[in-house]
Amino acid sequence: MPALKNNSDSSATARNDSPILHYWHIWTDERGTSHQTHCALTSFERQSMGGAAAQWNDRQAVSTAGLLFTVLPVGWVGEWHENPKPQWILPLSGRWFVESMDGTLCEMGAGDLSFGGDQDCVMDLQGRKGHRSGTLGDQPAVLMIVQLDVAPAQNRPCRFT
């Protein structure tokens, strides 16, 4: 049975009041096997945006990106596949799961955050390559996906910390 992990605490606060934002990172090791690691964004700085009061921002590297909204129907399962590009995935409603080749199974719901970086996987003896994912429960999973035009990075879990 795969290890079940739930990302129910997606944000917290550090001792200096700087926020911490947790996310799941699916990544590929040097052998081409996908794994999932629970990571945290911790480089928040207080800044103003557009003249508004200062807020906490964790600015990521600049790249071009595409935005996609998708609705996964009830009962949908995407058998073994890789994320097409390095991409941030944010469930807006419903629940879904992601299972990596190492057997880790993560469940996520609205507000949980994940980064799909499992490109360049190698099919294993069980026919698994990348990850499998699907909906949970009796509602569709509505996801917002931000696909980055960046090169995939192997063997770098928590690359955004």
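If G66 satisfies all but one of (1) loosely packed, with under 13 Cβ neighbours inside 10 Å; (2) touching a Ser or Thr at 6+ places or on another chain (Cβ under 7 Å), what's the number of the condition it fails?
Going through the list (1) loosely packed, with under 13 Cβ neighbours inside 10 Å; (2) touching a Ser or Thr at 6+ places or on another chain (Cβ under 7 Å), G66 breaks only (2).
Take the residues in the stretch 88-117 that are surrounded by fewer than 21 Cβ atoms within 10 Å (Cβ to Cβ) and among the polar types (S, T, N, Q); name whichever of them is nearest to I26 (Cα to Cα).
It comes out as T104.
Return the pairs, sorted by first residue and then second, in which the second residue is small (G, A, S) and part of a strand (DSSP E or B), the first residue lies in the stretch 34-59 and is under 30 Å from H81 (Cα atoms), the beta carbons are less than 8 Å apart, and the residues are 6+ apart or on different chains.
Listed pairs, sorted by first residue: S34/S100; H35/S100; Q36/S100.
Return yes or no: is W76 over 16 Å from the mean Cα position of the chain (by Cα), in contact (Cβ under 8 Å) with a residue 12 or more places away in the chain and within 17 Å of T33 (Cα to Cα)?
no
Every number here is computed from the coordinates shown, using simple stated rules; none is lab data. Small disclaimer: the values here were computed from a predicted structure and weren't measured. In this analysis, Cβ positions are derived from the backbone assuming ideal geometry, glycine residues included, and neighbour counts consider all displayed protein chains.
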